[in-house]
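Taking it in order: structure first as structure tokens, then the write-up.
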Amino acid sequence: MSRGLLRHARLSRRQLITFALASAAINGIITASVGAWLAQTYSAYQSRRQAIETIANLVYERRTRAGMVASAIRRNADIEEVRHRKQTYDEAYVDWNKNVMLNLFAIREAAGDLKFSALEPIFEDHLIAAMADVDRCITKAYDARIANQDAKAVLETCRMAELHQYVLDCGATFTNELYKLTRLTFIPFSGEFAETKALAETRIRDACVKGTVPTASPPQPTPAGPPVSSAPAPEAPQPTPVAAQPPAVPVTDAPTK
């Protein structure tokens, strides 16, 4: 019966073999291509997730160690404890700064931008700037503690508590939204990533831009002026009336005889 069908379709054995080989080759190419795309997608997903986790670890480590230094200063801990905590904070500070550019590249990749991401200025101008303010505050307070000065007042003046909380709020929102952007998906051209990215930018701006801690301005010194006397000012003398004088002869440039 099968031979009858072959004769009816006018297919030879050679044509069947050629068709089978062509089908196998096409299926192999498609399978290999799809497999390579899936492997590349999963590899990129793992790389992005690891980069975002690294950013989160660096942010939280630096913030935590800064808080430990401030806590030791506030409770008047032993100077050796303060020094040890400051040393570990400095190590976290170095780890953070040597990875700043890598963090920017990770943000760019997570946002799906080849050249520049709209999230990079927020990261640099707000989160990194706030962490720099924390560093300056911690350094000034530490120097004051070493010199046996009022280090607690330094922490209050530079608003360490507010800066510490801002780094937590902004850093947590930033890393959380980046983590969402790296979610694994095998559905291209769905438009879901664009919606997630727009929502992430909005949430990050709300947490980092609108919640920025204003810089505490130092009090302006009052200019010292002359002492003010409480005695009443003397009255001005009244002008004496002057009698009317006859009009003077006008002076001319005529030669005198």
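Annotations
- Failed criterion for residue 119 (all others in (1) in contact (Cβ under 8 Å) with a residue 24 or more places away in the chain; (2) closer than 17 Å to residue 173 by Cβ; (3) over 11 Å from the mean Cα position of the chain (by Cα) hold): (3)
- Residue within the range 137-148 that is in contact with a helix residue (DSSP H, G or I) (Cβ under 6 Å, 6 or more places away or on another chain), of a type in the set (Gly, Ala, Ser) and at pLDDT 95 or above present: yes
- Looking across the range 10-53, the residues that are open to solvent by 60 Å² or more (accessible area, probe 1.4 Å), under 27 Å from the mean Cα position of the chain (by Cα) and modelled with pLDDT of 80 or more come down to 50, 53.
- Evaluation of residue 153 against (1) part of a helix (DSSP H, G or I); (2) in contact (Cβ under 8 Å) with a residue 24 or more places away in the chain; (3) of a type in the set (Gly, Ala, Ser) (one fails), failing number: (2)
- Single residue of the range 64-122 satisfying the filter (among the small types (Gly, Ala, Ser), under 23 Å from residue 142 (Cα atoms) and in a helix (DSSP H, G or I)) that is most open to solvent (accessible area, probe 1.4 Å): 71
- Residue 59 meets all of the listed conditions (1) farther than 26 Å from residue 193 by Cα; (2) open to solvent by less than 60 Å² (accessible area, probe 1.4 Å); (3) modelled with pLDDT of 90 or more but one, namely (1).
The values are calculated or read from the model by the stated rules, or taken from the named source; none is laboratory data. Remember, predicted model here, so these are calculated numbers, not experimental data. Please note: Cβ atoms are built from the backbone with ideal geometry, for glycine as well, and neighbour counts cover all protein chains shown. Just so you know, the surface numbers come from the protein's heavy atoms only, side chains and all, with ligands and any DNA or RNA stripped out. Shrake-Rupley method; radii C 1.70, N 1.55, O 1.52, S 1.80 Å.
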